[in-house]
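Novice: Structure provided below as structure tokens; questions to follow.
The values are calculated or read from the model by the stated rules, or taken from the named source; none is laboratory data. Source: prediction; values computed, not measured. All Cβ positions, even for glycine, are placed from backbone atoms using ideal geometry, and neighbour counts span all protein chains on display. For accessibility, only protein heavy atoms count, side chains too; no ligands or nucleic acids. Shrake-Rupley method; radii C 1.70, N 1.55, O 1.52, S 1.80 Å.
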Amino acid sequence: MDDPNRREFIGTVVTTALASVLAPGTARADAASPHSPPGAPPPTLTPPPDIPVALTVNGTTVRLTLDPRTTLLDALRESMHLTGSKKGCDHGQCGACTVHLNGRRVLACLTLAVMAQDQPVTTIEGLARGDTLHPMQQAFIDRDGLQCGYCTPGQIMSAVALLNEPCGPADDDVRECMSGNICRCGAYPNIVAAVQDVRTATARG
Amino acid sequence: MIGDPVSRVDGRLKVTGAARYSAEWPIDNLAYGVIVQSTVAKGMITAFDTEHARSSPGVVAVYTADNAPALPDKGRAAMKPPAGRELSLLQDRAVRYNGEPIGLVVAEKFEQATHAASLVRAQYESHTPLIDMQSALPSAYPYKPNINGSFPPATQRGDLAAGLAAADARIDATFTAPIETHNSMEPHNTIAQWDGDQLTLYDSTQFVYGVKRFIAKIFGIPEANVRVISHFTGGAFGSKGAPWSHVVLAAMAARALNRPVKVVLTRKQMFGLVGARPHTVQHLKLGARKDGTLTAMEHRSISSTSSFEEWVEPVTLATRLMYACSNQQTAHELVRLDVGTPTFNRGPGESSGIFALESAMDELAVKLAMDPIELRLRNYAERDPESGLEWSSKSLRQCYSLGAERFGWSRRRAEPRSVRDGDAFVGIGMSSATYPARRAPASALARLMPDGMIVVQAATHELGTGTYTIMTQIAADALGVPIERVRFELGDTRLPENPISAGSLTAQSTGTAVHLAAVALHDKIAAMRGDVTTIVSARDLVTRGGGQPIEARADAKPGDEQKAFSMHSFGAIFAEVRVDASLGTVKLSRMLGAYGVGRILNPKTARSQMIGGMIYGLGMTLTEDTLLDARTGRYLNADLAEYLVPVNADIPEIDVMFMDERDPQTNPLGTKGIGEIGCVGVTAAIANAVYNATGVRVRDLPITLDKILGHTSFAD
Amino acid sequence: MHPFLYTLAADEPTARRIAATDPAAAFIAGGTTLIDLMKLNVEHPAQLVDITRLPLAKVEELPDGGIRVGAMVRNSDLANHMLIQARYPVLSQALLAGASPQLRNMATTGGNILQRTRCWYFRDTATPCNKRDPGSGCSALHGQNRIHAVLGASDHCIATHASDMCVALAALGAIVRIHGPSGDRALPFSIFHLVPGAHPERETALQHGELIVGIDIPRLPFATRSVYLKVRDRRSYAFALASAAVALDIRDGIIRDARVALGGVATKPWRSQAAESALVGKTAGSAAYHAAAMAALEGAVPRARNAFKIELAKRTLMRALARAGALA
């Protein structure tokens, strides 16, 4: 365990953490930080205006006006009400926001919406054909590859992408290829079974 | 019907993205709230600087202790743990842990609110915090109130000293576990919307009625004015059992601004603000005769809590009933740290306590040169040794024997390091598991609708546990209709009241209410000489009755049987590990859980739930460790890249066995609840397997490679 | 996240011109590091120059037998490229050991070279960190430093370099190709990344306005016998506690040439020429591998919680060498 009395942290005496002296909008102001960040770049006093962003999601092109900071995930969830793509960590560490961009699985939380223009986006809402579920969706139900359901859209988007990736045939290969999608409920064995069911059926068909 | 492996009735909603979690309700004119957190662990805020945040584009309001609406009794009106927590509601300037909410920024857009929150500045008069559990141990003090309101904090039976003196073999060991953070995949979130004096909360919770009561008290408004909706909760594991600060802050801001406000915690904010399994330091003493008979057991637990709330991890409860031993002492102590308040986490109490007890039992078996299962059978408790009551049901003996047989226990070599496969030592271990079978009052309404559908309502919760599915099955079973004819509705305080979905309560409590309501509806229809078996006949019946739904309500509550029997689930966990002989990495290669948990309503979802519990236990065993900086109290690995929950590649085949058990006492359905026990015993089973593989006994969770690599008895 | 101006660069001259004129501009491609750190307010460029449209996504053979990889080649494409798998299996393995399939579909070769540390103090703006906030102090030195570096550290910074790909590229002696305001440069991997010394905020030799356009991997026939081994707390989707990238040229049982680099234990991708020297001329086998491991960790400095990494790195390296040695 740590020695609590190190020099660079103030010990027993009462101390005052300084307020930042930065100007508003300065690009290096840290949340309630006691340390004034030096060497800040020139302040951007007026934030850049919202920008037009055209996204093609599940075959439909939608024109939005967005803050440039908007991620693809927040554009989907907050602006387009396509809430199937989930925000689990917002830092690329859980896979709940997995969507297909140009047919490849990517993380919508680390993708700026403005950078996803002119490329087809597929989300979980775009997987079924009418009332007919994608075989992977059906396999997840059949194998009970889900519990709370929050990671499920990301799992399924990963699993569908995996079908076109060089993933080995063994269960261990699927486990590795599906490890970018965290499931806290622990549906992993059933997810592997669902993926293998679809791969087997695809190979047969 | 009941007992059929029915696929989840909400499966389609979940696999298409159509299931609506609370942050996903489309609400007009929604504003986004982002919590500002302290950057010191202990002290007072001397000044806020919110000017830059206020003038940031899109910002609607910035709340701090300087200007936040005053709440009755300074926000403590509902404080009655665990249902109502001491929260951080901007009512004063005290800072009690690092990362504590000290402000809320509300803006038109999420991006604007997030940025503006980073511009709020605070000045502190700060004090040196107490963070480190080991250095805080001398300050431990006995926990005095009853645990969970009903269990004495300390127990004594027989004569411990005499029992230890009479022993041929003794174990005296200390087991530690770090703070374990739940990390449900869905972050905590709330949308608060006022319509005049009526408040609607869309909240990710395990307890809609609990939130309703708490919020009403906090704001000093009638309970009738608060509605809480939660149709899907994206995992909880105990962390959404009580409302935390963000719920109140969202409602506070929404009221002040007269517009709906959404607050979603960041992943980082899920460390500290919303509870965690506390640190535990457990001292175990066991004494036994040569034949394995336990002569003495002492279990003292010290767990961490916050500086502002006494929350105790009920660690030793399982020890009191697990084995027939006449000399025993148990006790709970607390250490106050400058961290967030802990809370229930999957298998609360038992997950930590059984780790120590069943590791110590393994050590005792080694010392006695006995088979670990044989040692447990030698001390098998035929009735509850603490209360003297009969068990309502107990199949632990079968769990041991059938589990051992299926797992291949007889092939185990007792001598560590005696099985080698390539680069790895292979070992197997086992543990017992137990969790109380509890029940609480619950109500349900069953209605035959004009369209011939049967709608059953109960304000319970879907956390991934399969509630929608099993309640549908229970109702359909009682009414003799296919499940497609039943629609179950939950998660809304307009529906009949139900208890918290925690502590394995739901199947027992709500399940019974749903069963009784459906039976009552069935009887009512029968009295009308009606027939609901086809949709046409059902429609006719409603039409004949005047077109109004035909309904029946049931209010179910536990009775005297609760006092006449000791009610618990039991299980036996078997684990096989491969420990790299050079690198010390531990790979779980097989696991089996054999359970006697009462009647299984749906073997498909039940199996999933047990597997999920075991995987949760695997994380607790091998990787999870909430790291704090001992000097500042900052939560360091507060994300999913450094706080390591299991990923798919960590998980081998996991086998689940359910004993054929239908408890005659717990409730009319014979269930005992299965949500918690899956996590219990996994840790000891794996730790014991690691010992069997390597000869290294790790008593300090998590079992990371450095603890094996650095061990003197471990060398390639 | 702080506000920024977004600019899509249609071509390389445009991208470089914008960057050169705005000292607060940053290039963005995969975004997997930059967006993450911008959300933490650790990075706060005033302008993002989107370079994803630049035609830098090719993998080409060089006349001398080496391979040229464009900066925009995504990690998954590089890992699965036939030429890489055939000639530099260590690189393919390192890429596949990193992050997750989704992140590998996003992350680019150029971006991964600039991947930043996972030190939790660096990532928390409320704590002192010399790398993020020069002169503020190193919180890790006497803090929670189980994941920190034992090689190449200083009293100012002990943060570990996080990339797996870079460990393999260090072993392979890759060349970083850079276009910049003052001309084009080609920097050997060994001098591209900097150890922290007194200036942990300086991580690479890249100057502002310079653009990584790709890497060249020199011809190295014996790299067909190469291995990347990564040891971590979780079996996937986790950063290395220790890793080793090795290649062995073994003829008649004698090691003629060797490449060794370590990851997870050093402040930069850590090529160990000492380990390579310890191997060359020796009989392939555990004695030589052990000597190499001792040489590689010579001078390693443990901190309160990461001393185990020294032994772990040795054993990881020995295991990787043994695996490479056992390849046909």
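Novice: Kindly indicate the residue of the range B:532-578 that is among the β-branched types (Val, Ile, Thr) and assigned to a loop (DSSP other than H, G, I, E, B) and also least open to solvent (accessible area, probe 1.4 Å) among those meeting that condition.
Specialist: Looking at residues that are among the β-branched types (Val, Ile, Thr) and assigned to a loop (DSSP other than H, G, I, E, B), I get B:Val532.
A quick yes/no check of all residues on (1) away from chain A (no Cβ under 14 Å); (2) open to solvent by less than 20 Å² (accessible area, probe 1.4 Å); (3) at positive phi:
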| site | (1), (2), (3) |
| --- | --- |
| B:Gln123 | no, no, no |
| B:Thr155 | yes, yes, no |
| B:Ala161 | yes, no, no |
| B:Gln193 | yes, no, no |
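Novice: Contact list please: Cβ distance under 7 Å, first residue in the range C:270-297 and touching a residue at least 24 places away in the same chain (Cβ under 8 Å) and at positive phi, second residue of a type outside the set (S, T, N, Q) and open to solvent by 20 Å² or more (accessible area, probe 1.4 Å), pairs at least six apart or on different chains.
Specialist: Pairs found: C:Gly281/C:Ile254.
Novice: Something else now. For the range C:241-264, which positions are closer than 18 Å to C:Arg118 by Cα, in contact with a Ser or Thr (Cβ under 8 Å, 6 or more places away or on another chain) and not hydroxyl-bearing (Ser, Thr, Tyr)?
Specialist: Looking only at the range C:241-264, we keep the residues that are closer than 18 Å to C:Arg118 by Cα, and these are C:241-243, C:262-264.
Narrowing the set further to residues that are in contact with a Ser or Thr (Cβ under 8 Å, 6 or more places away or on another chain) leaves C:242-243, C:262-264.
Hits for the range C:241-264 are C:Ala242, C:Leu262, C:Gly263, C:Gly264.
Novice: Could you figure out which of (1) without any contact (Cβ under 8 Å) to a residue 24 or more places away in the chain; (2) in the same structural domain as A:Leu64 (by TED's automatic domain parsing) isn't true of A:Ile141?
Specialist: Of everything listed in (1) without any contact (Cβ under 8 Å) to a residue 24 or more places away in the chain; (2) in the same structural domain as A:Leu64 (by TED's automatic domain parsing), A:Ile141 misses just condition (2).
Novice: Still on this structure: Output the number of residues of the range C:148-169 satisfying the condition of being within 14 Å of chain A (Cβ to nearest Cβ), open to solvent by less than 10 Å² (accessible area, probe 1.4 Å) and touching a Gly at 6+ places or on another chain (Cβ under 8 Å).
Specialist: Number of matching residues: 0.
Novice: Among residues belonging to the range C:17-35 that are over 19 Å from C:Arg74 (Cα atoms) and crowded, with 21+ Cβ neighbours inside 10 Å, point out the one that is farthest from the other protein chains (Cβ to nearest Cβ).
Specialist: Per the stated criteria, the residue is C:Ala19.
Novice: Next question, about the same structure. Assess whether B:Glu313 counts as being over 15 Å from the mean Cα position of the chain (by Cα) and either in a loop (DSSP other than H, G, I, E, B) or under 11 Å from B:Gln282 (Cβ atoms) (or both). Spell out how you get there, then give the answer.
Specialist: On the way: over 15 Å from the mean Cα position of the chain (by Cα): no; either in a loop (DSSP other than H, G, I, E, B) or under 11 Å from B:Gln282 (Cβ atoms) (or both): yes.
For B:Glu313, the condition - over 15 Å from the mean Cα position of the chain (by Cα) and either in a loop (DSSP other than H, G, I, E, B) or under 11 Å from B:Gln282 (Cβ atoms) (or both) - is not met.
Novice: Anything in the range A:125-135 that is away from chain B (no Cβ under 11 Å) and either in contact with a Phe, Trp or Tyr (Cβ under 7 Å, 6 or more places away or on another chain) or open to solvent by less than 40 Å² (accessible area, probe 1.4 Å) (or both)? List them, or say none.
Specialist: Once the filter is applied, which keeps residues that are away from chain B (no Cβ under 11 Å) and either in contact with a Phe, Trp or Tyr (Cβ under 7 Å, 6 or more places away or on another chain) or open to solvent by less than 40 Å² (accessible area, probe 1.4 Å) (or both), the range A:125-135 yields nothing.
Here is a yes/no grid of residues against (1) surrounded by 20 or more Cβ atoms within 10 Å (Cβ to Cβ); (2) within 13 Å of chain C (Cβ to nearest Cβ):
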residue: A:Gln137; (1), (2): yes, no
residue: A:Gly154; (1), (2): yes, yes
residue: A:Pro169; (1), (2): no, no
residue: A:Tyr188; (1), (2): yes, yes
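Novice: Considering only the range C:111-120, state which residues are open to solvent by 20 Å² or more (accessible area, probe 1.4 Å), assigned to a loop (DSSP other than H, G, I, E, B) and of a type outside the set (A, V, I, L, M, F, W, C).
Specialist: The answer is C:Gln115, C:Arg116, C:Arg118.
Novice: Quick check: anything in the range B:674-682 assigned to a loop (DSSP other than H, G, I, E, B) and surrounded by fewer than 21 Cβ atoms within 10 Å (Cβ to Cβ)?
Specialist: Applying the first criterion (assigned to a loop (DSSP other than H, G, I, E, B)) to the range B:674-682 yields B:674-676, B:680-681.
Filter once more, so that each one left must be surrounded by fewer than 21 Cβ atoms within 10 Å (Cβ to Cβ): none.
No, the range B:674-682 contains no residue that is assigned to a loop (DSSP other than H, G, I, E, B) and surrounded by fewer than 21 Cβ atoms within 10 Å (Cβ to Cβ).
Novice: Here's another thing I want to ask about it. Can you tell me which residue among B:Pro482, B:Pro496 is in contact with a helix residue (DSSP H, G or I) (Cβ under 9 Å, 6 or more places away or on another chain), free of Cβ contacts under 8 Å to residues at least 24 places away in the same chain and not assigned by TED's automatic domain parsing to the domain that holds B:Leu389?
Specialist: Working: B:Pro496 fails: free of Cβ contacts under 8 Å to residues at least 24 places away in the same chain.
The unique qualifying residue is B:Pro482.
Novice: Might you let me know whether the range B:635-650 holds any residue that is modelled with pLDDT under 95, open to solvent by 10 Å² or more (accessible area, probe 1.4 Å), facing another protein chain (nearest Cβ under 8 Å) and more than 30 Å from B:Pro558 (Cα to Cα)?
Specialist: no
Novice: Could I ask something else about it? For B:Thr319, indicate whether it is under 20 Å from the mean Cα position of the chain (by Cα), surrounded by fewer than 24 Cβ atoms within 10 Å (Cβ to Cβ) and free of Cβ contacts under 8 Å to residues at least 60 places away in the same chain.
Specialist: Taking the combined requirement at face value, the residue does not satisfy it.
Novice: Would you be able to say whether some residue in the range C:124-147 is touching a helix residue (DSSP H, G or I) at 6+ places or on another chain (Cβ under 6 Å), under 30 Å from B:Arg634 (Cα atoms) and away from every other protein chain (no Cβ under 11 Å)?
Specialist: For the range C:124-147, residues touching a helix residue (DSSP H, G or I) at 6+ places or on another chain (Cβ under 6 Å), under 30 Å from B:Arg634 (Cα atoms) and away from every other protein chain (no Cβ under 11 Å): absent.
Novice: State all residues of the range A:72-99 that are of a type outside the set (Gly, Ala, Ser), at the interface with chain B (Cβ under 9 Å from one of its Cβ atoms) and under 19 Å from B:Arg267 (Cα atoms); if no residue qualifies, say none.
Specialist: Listed by number, the residues that qualify are A:Asp74, A:Arg77, A:Glu78, A:Thr83, A:Lys86, A:Lys87, A:Cys89, A:Asp90, A:His91, A:Gln93, A:Cys94.
Novice: Moving on to the next point. With respect to B:Asp197, determine if the residue is more than 30 Å from B:Leu364 (Cβ to Cβ), out of contact with any Pro (no Cβ under 8 Å at 6 or more places or on another chain) and open to solvent by 30 Å² or more (accessible area, probe 1.4 Å).
Specialist: Criteria met by B:Asp197.
Novice: If you go through the range C:36-55 one residue at a time, how many are open to solvent by 30 Å² or more (accessible area, probe 1.4 Å) and more than 10 Å from every other protein chain (Cβ to nearest Cβ)?
Specialist: Residues flagged as open to solvent by 30 Å² or more (accessible area, probe 1.4 Å) and more than 10 Å from every other protein chain (Cβ to nearest Cβ) within the range C:36-55 amount to 1.
Novice: Now, a different point. Pick out the one residue from A:Thr122, A:Thr111 that is at the interface with another protein chain (Cβ under 7 Å from one of its Cβ atoms), of a type in the set (Val, Ile, Thr) and open to solvent by 10 Å² or more (accessible area, probe 1.4 Å).
Specialist: The unique qualifying residue is A:Thr111.
Novice: Would you pick out the residues in the range C:63-110 that are outside any helix (DSSP H, G or I), of a type outside the set (Lys, Arg), open to solvent by 40 Å² or more (accessible area, probe 1.4 Å) and over 22 Å from A:Ile182 (Cβ atoms)?
Specialist: C:Pro63, C:Asp64, C:Asn80, C:His81
Novice: Taking B:Arg529, is it of a type outside the set (A, V, I, L, M), at positive phi and either open to solvent by 10 Å² or more (accessible area, probe 1.4 Å) or assigned to a helix (DSSP H, G or I) (or both)? Walk me through how you get there before you give the answer.
Specialist: Working: of a type outside the set (A, V, I, L, M): yes; at positive phi: yes; either open to solvent by 10 Å² or more (accessible area, probe 1.4 Å) or assigned to a helix (DSSP H, G or I) (or both): yes.
Criteria met by B:Arg529.
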